[in-house]
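Chemist: Provided herewith is a single structure, encoded as structure tokens, for subsequent inquiry.
Any read-out appearing in this document is the output of simple, stated calculations on the displayed coordinates, not a laboratory observation. Computed from a predicted model, the values in this text were never measured in an experiment. Reconstructed Cβ throughout: ideal geometry from the backbone, glycine too, with neighbour counts over all protein chains shown.
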Amino acid sequence: MPYPWSNGPGDHYPAHTHLYHKVLYCLEGSIVFHVEGEAVTLRPGDRLEIDPETMHAADVGPQGVVCMEAAKA
């Protein structure tokens, strides 16, 4: 079941993994995900999928961010 989340400007998620396939959709603001050495910027309308057990980190943009997230079966 998808759920929304948000963070303030400049918030940081340190490197971590999940046991599930993560699907993210950006609604407002921006966030940069660092996935396997690549920087992926999400802005409104952008989507990102992260495979299980993939190391990733993230930095929220200057206006904050609002995303929808779900686990893909």
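Chemist: Sorted from largest down, what three extents in whole angstroms do the Cα atoms of the chain have along their principal axes?
Modeler: 30, 27, 16
Chemist: From Cα pairs below 8 angstrom and at least 6 apart in sequence, can you work out the relative contact order of region 20-67, rounded to a whole percent? Could you put the intermediate results ahead of the total?
Modeler: Details: 103 pairs, mean separation 24.4, N = 48.
Relative contact order, region 20-67: 51 percent.
Chemist: For the chain, with only Lys/Arg (+1) and Asp/Glu (-1) charged at the beta-carbon, what is the dipole magnitude about the Cα centre, in debye rounded to 20?
Modeler: On the way: 4 positive and 10 negative charges, 37 e Å.
For this selection, approximately 180 debye.
Chemist: Give me the extension gain from residue 3 to residue 63: residue separation times 0.36 nm, minus the current Cα-Cα distance, reported in nm with one decimal. Don't skip to the end; give the middle numbers.
Modeler: Working: separation 60, 0.36 × 60 = 21.60 nm, distance 2.04 nm.
Result for the pair: 19.6 nm of gain on full extension.
Chemist: Further question: Using a cut-off of 15 Å between beta-carbons, work out the net charge of the residues near residue 28 (Lys and Arg +1, Asp and Glu -1, residue 28 not included). Before the final figure, lay out the partial values.
Modeler: On the way: positive: 43, 47; negative: 11, 46, 69.
Every neighbour counted, the sum reads -1.
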